[in-house]
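Here is the structure we will look at.
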Amino acid sequence: MGRPTLAVWKFASCDGCQLTLLDCEDELLALTGRIEIAHFLEATSAAGEGPYDVSLVEGSITTPADLERIRHVRAVSRKLITIGACATAGGVQALRNFGDVEEFASVVYARPDYIATLDRSTPISAHVPVDFELRGCPIDRRQLLEVLTAHLTGRRPDVPGHSVCFECKSRGNVCVMVARGTPCLGPITHAGCGAICPAYGRGCYGCFGPSPNWSGARPNTRGLLPWLDMTEDETHRVLATFNVSAFREEQGPEPLAEEASDDASQ
Amino acid sequence: MNTLELTGLGPLYDALRRAGYTVIGPTVRDDAIVLAELDSIDHLPYGWGVRLAPGGYRLRRRDDGAAFAHAAGPQSWKPFLHRPRVKVWEADRTDDGFEVKDAAPEPGRLALLGVRPCDLRAIAIQDRVLTGGRHVDPSYAARRDGAFIVAVNCTEPGETCFCVSMGTGPQAGPGYDLSLTELTGEDSLRYVVDVGTEAGARVMGDIQAGPAEPAVVDRARAEVTAAADRMGREMPALGLRDLMAGSLEAERWDEVAERCLSCGNCTMVCPTCFCTRVTDTTDLTGDHAERWQLWDSCFDLDYSHLHGGDVRSSPKSRYRQWLTHKLGTWHDQFGSSGCVGCGRCIVWCPVGIDLTVEVAALRAETAQDGAG
Ligand code: SF4
Ligand code: SF4
Ligand code: SF4
Ligand code: SF4
């Protein structure tokens, strides 16, 4: 039997997560010894035919063409793994979900009628079944290797869903929120980065999206926000980044700046 | 045993080093008084105190040079004895199967300098949990066996301390090799030293400390006694166990679940929480595997994952597990309370959830139910 084949696909995204694969410098040789990278436009222009054993999918669904293509990717992939905040939560481009796309388009483009776009940016899992979601903006190199290695061995990847605080405490960081009053999203954010920001004295920005500690319910932003020592506008912005659609409750198309406080009043 | 006196801790530090110990103690780092390896006795937090509040910790300057006039810090001694990450074993593929290797032996012996009475009791509780049953945790046991404990009695309790309620302080109970009481004076720090073990006596013999004057001993004892009246919190232990067992359906659990983030900080800073998970890893070649034991917490959704789903899927059920285990079912399991009153879970909860307040609310609610 030959090596399992791997394909890497891109939708609406910045390429940062795909590049994490190339960033696995020390492990890349060992990896290509076990896996045949058959489709990866960032690394080579040669594209294999498929079907593929594993597909890594980066990016969110934002256009009618994306909708077609993701179905094709699913059809040619035995296992489909989404990587990064765009693919798992819609990315920063999901800010459009809280605004009016037609209005943006008319302001930004000279000929908005040439623009074929959907009014929402959605994760891959909203359209096709996904076998595993790896979070982060960008994803973490060690976690990517863990997911691929686990696949090769036929075991469950060790990608815990607890909060970033677990990683802080395990590596001995002093909590920046408690000891300095620095706002930090770590308590409600999915672990995976190794608590890098708090290790350098900064609060967590929530790159990995909400920790699934709530069993499907919304993360407890209501419990955390009053403790962040921020103005209403600031707390609003702090949730409006790479995982905006996962952290914030959608309130229909309303201009951001005029939107009232997030959800504290509900 | 006898009571000795020291001026400054330099000689004690040197004696511990001569005896082959790595000395761990309090020191200022990242805006907090953390526990870390001390390269020199000069790195103790001389002249620093702390201000503690639910969800808040600030260093403050003191007008004396005291090294131990601060209450519990961000972490207890737990990370040094019950490590957050322990490799259990590793295995390599061989021509006819695989070969298992035990993990590397634990490193040299630790001297824990400045163990508070609450933390001393917490170590005894972890001893019971991790070495007192049929299944001994080998990593913990090895580190614990080699450890030398220098306790420090508390003369300056913090705003979130309640060791008196839990019967653990401010005077150190048994379990120390040496116990210090710090006395601040004009230009020097003096320490009254109680010797608890033969090992402690040997270290003190090495520095030839003289006996303490009775007046000095009296002053030291009086300061510790006075500290008992200055606890920042109280949580009467009487009836706690029954309260936990009898309030499982209380509405207060829903109320606290609105505020709790399920972040797990309380369990990780708690000096007695011991839970771990085990995970197996393989490398890319597929020829090398490792088994790791990692800290876990009942606030992790996966902690209660069984075939078919998560047993404690709601934040409410997880907060209730934490509090009822600490204060209730711990008695059934290990014959004591799981709380020593250090106050860390109050301070290091990012949203300031205070177990003494939650317990008071549960008491009030069940009393009302009983009355009505
Ligand atoms: S710094 Fe942030 S992530 Fe780390 S323990 Fe504190 S709140 Fe949690
Ligand atoms: S429950 Fe809280 S106060 Fe009690 S020992 Fe644990 S951290 Fe300290
Ligand atoms: S409170 Fe939770 S983490 Fe702590 S010992 Fe009990 S079950 Fe384990
Ligand atoms: S009580 Fe506080 S520290 Fe514990 S899980 Fe809830 S929010 Fe986190």
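The numbers here are math on the coordinates, done by the rules we state, and not lab data. No experiment lies behind these values; they were computed from the predicted model shown. A quick note on method: Cβ atoms are made from the backbone with ideal geometry, for glycine too, and the neighbour counts reach across all protein chains shown.
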Suppose only helical runs count, i.e. DSSP H with n ≥ 4. What mean residue ellipticity at 222 nm does that imply for chain A under -39500 (n - 2.57) per run, divided by all residues and rounded to the nearest 500 deg cm²/dmol? -8500 deg cm²/dmol
Select from B:P74, B:P214, B:P170 the residue whose mean-square fluctuation is largest in a Gaussian network model of chain B (Cα-Cα springs shorter than 10 Å). B:P214
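Using Cβ counts within 10 Å as a stand-in for footprinting exposure, how do A:V164, B:V152 rank, fewest first? Spell out each step's value before the answer.
Values: A:V164 29, B:V152 25.
Ranking A:V164, B:V152 by Cβ neighbours within 10 Å, fewest first, gives B:V152, A:V164.
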Expressed in angstrom and rounded, the centroid-to-centroid distance over alpha carbons for the range B:259-313 and the range B:127-155 is 22
Suppose a student asked you for the relative contact order of chain A, using Cα pairs under 8 Å spaced at least 6 residues apart; what percent would you report? 18
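Taking the beta-carbon count within 10 Å as an exposure proxy, list B:V357, B:V347 from fewest neighbours to most. Don't jump to the answer; show the numbers that get you there.
On the way: B:V357 15, B:V347 30.
So the residues, fewest neighbours to most, are B:V357, B:V347.
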Calculated log₁₀ intensity ratio I(q)/I(0) where the Debye formula runs over C-alpha points of the range A:5-153, q = 0.11 Å⁻¹: -0.43
Express the Stokes-Einstein translational diffusion coefficient of the protein assembly as shown in µm² s⁻¹, to the nearest whole number, given a Kirkwood radius over alpha-carbon pairs, 20 °C and a viscosity of 1.002 mPa s. 79
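When a footprinting reagent is the concern and you count Cβ atoms within 10 Å, what order do B:T329, B:T3 take, fewest first? Before the final figure, lay out the partial values.
Numbers: B:T329 15, B:T3 18.
Lowest count first: B:T329, B:T3.
Show me A:51-57, B:64-70 ranked by packing, highest mean number of other Cβ atoms within 10 Å first. Show your work: numbers first, answer last.
Values: A:51-57: 23.1, B:64-70: 21.0.
Listed from highest to lowest mean packing, they are A:51-57, B:64-70.
For the range B:3-230, what is Rg from Cα atoms divided by 2.2 N^0.38 Å, rounded to two decimals? Could the numbers behind the result be given before it?
On the way: Rg = 19.2 Å, N = 228, 2.2 N^0.38 = 17.3 Å.
For the range B:3-230, the normalised Cα radius of gyration comes out at 1.11.
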Can you give me the pair-distance distribution of the range A:58-127, C-alpha pairs, 10 Å bins, whole percents? 21, 46, 26, 7, 0
For the range B:165-181 and the range B:92-123, what is the separation of their C-alpha centers, rounded to whole Å? 26
Which peptide among B:245-257, A:191-203 comes first, and what is the full order, when sorted by highest mean count of other Cβ atoms within 10 Å? A:191-203, B:245-257
Quick one: go through the range B:269-290 and flag any residue whose amide nitrogen is under 20 Å from the point 7 Å out along the Cα-to-Cβ line of B:K101. B:279-290
Unit charges at the beta carbon, dipole of the range B:3-230: most positive-side option, B:F98, B:V216, B:A67: B:F98
First select every other residue whose beta carbon is under 13 angstrom from the beta carbon of B:Y303; then total the charges, Lys and Arg +1, Asp and Glu -1. -1
Rounded to two decimal places and with Rh computed the Kirkwood way over Cα pairs, what is Rg over Rh for chain A? 0.99
CD proxy at 222 nm, helix term only [per DSSP H run n ≥ 4: -39500 (n - 2.57); per residue of chain B; nearest 500]: -9000 deg cm²/dmol
Scoring chain B by relative contact order with C-alpha pairs under 8 Å, at least six apart, yields a percentage of 22
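Could you please report the charge total around B:Y13, scoring K, R as +1 and D, E as -1 over all other residues with beta-carbon less than 13 angstrom from its beta-carbon? Don't skip to the end; give the middle numbers.
Details: positive: B:R17, B:R18; negative: B:D14, B:E37, B:D39, B:D42, B:D206.
Surrounding charge for B:Y13 is -3.
In a shell of Cβ-Cβ distance under 9 Å around A:V174, excluding A:V174 itself, what net charge do Lys and Arg (+1) and Asp and Glu (-1) give?
Numbers: positive: A:R180, B:R29; negative: B:D30, B:D31.
Cβ neighbours under 9 Å give a net charge of 0.
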Projected onto the charge dipole of chain B (unit charges on the beta-carbon of Lys, Arg, Asp and Glu, signs +1, +1, -1, -1), the Cα from B:C345, B:M231, B:T3 with the largest positive-side position is that of B:M231
Using 0.36 nm per residue, how much length does the chain from A:L19 to A:D158 gain when fully extended, once their Cα-Cα distance is taken away? 47.9 nm
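Before anything else, pin down the relative contact order of the range A:5-153: Cα pairs under 8 Å, at least 6 apart, normalised by residue count, whole percent. Can you show the working numbers first?
Values: 249 pairs, mean separation 42.0, N = 149.
Relative CO of the range A:5-153 lands at 28 percent.
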Report the residues of the range A:222-239 in range of a label on A:R202: point 7 Å along Cα→C-beta, backbone N strictly under 16 Å from it. A:238-239
